[in-house]
Amino acid sequence: MELARKLFKGDRVIWIIFMLLCAISAVEVFSATSTLAYKNANHWEPIARHASFLIAGALTVLVLHNVPYRLFALGILLLPVSILMLVVTPFIGVSANDAHRWLSILGFQVQPSEFAKLGCVIYVAFLLSRIGKFTERQVYRWILIGVGVTCVLILPENFSTAFMLFAICYMLMFVGRISWRRLVKLAGVLTLAMGFFVAIWFAIPDKEWEDLPVVGDAMDRVPTWKSRLITMFAPDNADTLDTDELFNKENYQVSHAKIAIARGGLSPQFPGHGVQRDFLPQAYSDFIYAIIIEEMGLLGGVAVLLLYLWLLVRVGMIARKCDKLFPKFLVLGCGLILVVQALANMAVAVNLIPVTGQPMPLVSRGGTSTVISCVYFGLILSVSRFGAHIGNEDDTLEEPAKVAPGAPAVTEEEIANWVPDVPLETMKESDNQVERKV
């Protein structure tokens, strides 16, 4: 127990949530990767790969939670690096699932948008903490430029990530003393622009979108966005559809996710007994929440939801205890990006919003996303330790003074004689500083 207290410092509640999510991830990904296991000569390769990323992420958390949060201000340099990565991705990126979202670096595939999200959170937190040294107008403009450029680069290949990232930065500006008038104007302009572009999407035929000469075939994603919106907001009557229509290209994933949730019920079937994991193409990633409900029942699904809500509440408590602005905004940004992405993944699984392709942080199978999710936890724990002073009780206790070898021992009577007119019993009973009498 003493070793755990020394090793896992910071907010103990955050550590518990982190470990529970890692355990859920290991079990459910092992169950949901059955289709991948069948395709590999080594059946253990899919879960071994995911476990290696979880271990690497856990080691990252152990390192980062010992780093003072002040050093994380250097993370603003990550934003220009991630912007450069996003610029070159359409030219030299790796294509998967009809999108160029990955870069191959030293044999590893990394997702630049994950680094961009981390860079934006640190960037916005740093600028908001400098209001006072700079005017609010200057900070607001710099945030719009940095976050806007990043989201515009992400948008062609990953609309949901760009939308979610901007929404989180908008929420940070809301709590970060940016005037509500600026935020209302920004929301109005973006709403009008979004409505205008959606109207254009539906006015131009899909074939013409695909024929547009855009770098990286980015406009090929527009028909996909249209079909998802139509499927979500203008669904056909399921009672009149035959099997082929119900499980067509647009409805396939959502239909099987609904079946998985319906099979879950109140009583869990336990991991390894799910059926829809063999039919859902992204059962271990985008739709892992449906598999969790199928195998662990509604109670298991609610438990996972409560873990993320518990995380958000705890992050808010840490932010309230911070006496500096930078750690306050940093921990809020990290907590928001984890919880909002998790809620988006759950909403897709239960068909509340269109399919977005957002993995569940720390639970879904992934490489870059898993490690970056662990980085967010490391930042939260560092802020809780050095910014909010939570879980540092052992470090603040004064250790007894050590006497050099060979030095003469000092008695309590001699110590009392150094403070004239103060009884020895008074020194033993009080821990307060003793005032000398003149």
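Looking at region 21-95, the accessible area is 52 square angstrom per residue; that uses a 1.4 Å probe and ignores ligands, DNA and RNA.
The convex hull around the C-alpha trace of region 42-153, projected and averaged over every direction, spans 9.2 square nanometres. With Cα atoms defining each centre, region 320-396 and region 1-77 are spaced 13 Å apart in the structure.
Applying 1/(1 + (r/R0)^6) with R0 = 35 Å to the Cβ-Cβ distance of L59 and L266 gives a FRET efficiency near 0.35. Checking the cross-link pairs K133/K185; K185/K324; K258/K321; K9/K39; K9/K185; K185/K258 against a 32 Å limit on the alpha carbon distance flags K258/K321; K9/K39; K9/K185; K185/K258 as lying beyond it.
The V184 and V302 beta-carbon pair, evaluated with R₀ = 45 Å, returns a calculated FRET efficiency of approximately 0.80. The HN-Hα couplings worked out from phi for region 368-374 by the Karplus form 6.51 cos²θ - 1.76 cosθ + 1.60 (θ = phi - 60°) are 4, 5, 5, 5, 5, 4, 5 Hz, whole numbers, x standing for Gly and Pro.
Projection of the Cα convex hull of region 260-349, averaged over all directions and equal to a quarter of that hull's surface, yields 6.2 nm².
When each of the peptides 304-311, 267-274 is scored by how many other beta carbons lie within 10 Å of its residues on average, the order from highest to lowest is 304-311, 267-274.
For the pair T191 and I92, the difference between a 0.36 nm per residue extended length and the Cα-Cα distance amounts to 32.3 nm. Each label point was placed 7 Å from the Cα along the Cα-to-Cβ direction; for R320 and E136 their separation is 2.5 nm. Of the trypsin sites (Lys or Arg not before Pro) found in region 85-169, those in coil by DSSP whose Cβ has at most 11 other Cβ atoms within 10 Å are K133.
Residues whose amide H falls under 5 Å from that of S129, counting only those 5 or more places apart or on a different chain, are absent, with hydrogens built in the peptide plane.
Give me the percent of accessible area attributable to carbon and sulfur for region 277-328, probe 1.4 angstrom. On region 277-328, the fraction of accessible area on carbon and sulfur atoms equals 69 percent. Taking Cα centre as origin and charging only the Cβ of basic (Lys, Arg, +1) and acidic (Asp, Glu, -1) residues, the dipole magnitude of region 1-135 rounds to 500 debye.
The values are calculated or read from the model by the stated rules, or taken from the named source; none is laboratory data. Worth saying up front: this structure is predicted, and the values here are computed from it rather than measured. Ideal geometry is used to build each Cβ from the backbone, glycine not excepted, and the neighbour counts take in all protein chains shown. Surface accessibility is based on the protein's heavy atoms, side chains included, excluding ligands, DNA and RNA. Shrake-Rupley method; radii C 1.70, N 1.55, O 1.52, S 1.80 Å.
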